[in-house]
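Asker: I am attaching a structure below and will ask some questions about it afterwards.
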Amino acid sequence: MTNTKSLTEELKQAFIELIAYQTGLDIKHREKTDFVEKIFSRMKALKLSLPEHYYHFLESATIESFKEWRKLVILLTNTDSYFFRDQGQFNVLRNHIFPEIIKRKQLNKTIRLCSAGCATGEEPYSLAILLREIIPNIEEWKIMIFGLDINQAALNKAQTGIYTSWSFRNSPAEIIQRYFLLINDHYLIDREIKQMVKFINFNLVKDPLPQFGFQLRDMDLIICRNVFIYFDVGAIAKVLDKFYHTLQPLGYLLTGHTELSSQNLNKFQTKVFPESLIYQRPLK
């Protein structure tokens, strides 16, 4: 009997609903066979013979269950990313959004950015590099960039700041030369860029936002791209509300193209650029 046949449709659906509740991740129909294999992989690691036992283990509010969720999430999430992904959106940031934020923040010289669902760190580091490129006196500024992700293994890689050429498939050669050191076919990010980013293990659905302990508040920009495509509609709405309250007035939200097509965005003002839409919390 195969693993897929060993899991009843009812229990399979129960797992899917539990995962959506805990993480927001929406297991699509085409992914179900692979998903079941991952469930049995974790059962084998825990030496559990019945999927019902694994379900109740995940459902329990224990330290052991919390640790297991972290391991299961590593199997369920996609961590593929690269520097300056979606050049059009980075052009909007370079030419419109960042100049507006910099002009507005000339007095206190403080900028707070968040990459939500940052995977292995290419996105928040790209933001840091872009700011260093366009702010000539950046040493006079207080720049805070936060990279959030539920996948601790991805964050561990991000914190090393070491990448292969695969992470630079959309990066200008001069940027690579300026901000990375090539050692044995691997690229080590510049120390000053690395110090601009703080990585936090974070569950966008379950963890509260804004969060003052981690300084996750009053953001000038939140980027959450290629994340909502993995969430169900309810989870997206919940996270959007958190983002709204975590942005400061006039702060911006940038998502992947069409990721919010099914959502009520009445709280936000929408700005339209040829390359992308971007959403802004109004000044009230």
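Asker: Spot the failing condition for GLU192; the list is (1) surrounded by fewer than 13 Cβ atoms within 10 Å (Cβ to Cβ); (2) without any contact (Cβ under 8 Å) to a residue 40 or more places away in the chain; (3) not aliphatic (A, V, I, L, M), and only one is missed.
Answerer: Looking at each condition in turn, GLU192 falls short on (2).
Asker: Is it the case, given these coordinates, that ASP232 is among the charged types (D, E, K, R), in the same structural domain as ASN264 (by TED's automatic domain parsing) and free of Cβ contacts under 8 Å to residues at least 12 places away in the same chain?
Answerer: Spelling it out, it is not the case that ASP232 is among the charged types (D, E, K, R), in the same structural domain as ASN264 (by TED's automatic domain parsing) and free of Cβ contacts under 8 Å to residues at least 12 places away in the same chain.
Asker: Run down PHE212, PHE268, PHE180 and say which single residue is out of contact with any Phe, Trp or Tyr (no Cβ under 7 Å at 6 or more places or on another chain) and hydrophobic (A, V, I, L, M, F, W, C).
Answerer: PHE212
Asker: Now a separate question. Between residues in the stretch 150-171 that are at positive phi and residues that are among the basic types (Lys, Arg) and in a helix (DSSP H, G or I), which pairs lie under 9 Å by C-beta distance while being six or more apart or on different chains?
Answerer: Note: pairs meeting the criteria are GLY161/ARG191; GLY161/LYS194.
Asker: Tell me which of these ILE223 doesn't satisfy, since it passes every other one: (1) outside any loop (DSSP other than H, G, I, E, B); (2) out of contact with any helix residue (DSSP H, G or I) (no Cβ under 7 Å at 6 or more places or on another chain).
Answerer: Answer for ILE223: the failing condition is (2).
Asker: Show the residue pairs that are 6+ apart or on different chains and have beta-carbon atoms under 6 Å apart, the first residue being within the stretch 214-226 and within 18 Å of ILE278 (Cβ to Cβ), the second being modelled with pLDDT under 95.
Answerer: ARG225/GLY256; ASN226/GLY256
Asker: I've got another one for you. If I ask for residues that are among the basic types (Lys, Arg) and crowded, with 21+ Cβ neighbours inside 10 Å, which ones from the stretch 89-147 would you list?
Answerer: ARG112, the sole residue that qualifies.
Asker: Hey, another quick one. Check every one of the strands (runs of 3 or more DSSP E) wholly within the stretch 232-284 and list those with 1 or more residues that are exposed (fewer than 14 other Cβ atoms within 10 Å of the Cβ).
Answerer: The qualifying strands (runs of 3 or more DSSP E) are 247-255, 269-272.
Asker: All but one of (1) touching a Pro at 6+ places or on another chain (Cβ under 6 Å); (2) in a helix (DSSP H, G or I) hold for ASN95; state the number of the condition that does not hold.
Answerer: Failed condition: (1).
The values are calculated or read from the model by the stated rules, or taken from the named source; none is laboratory data. The structure displayed is predicted, hence computed values, not measured ones. Quick reminder, even Gly has a Cβ in these numbers, built from the backbone with ideal geometry, and neighbours come from all protein chains shown.
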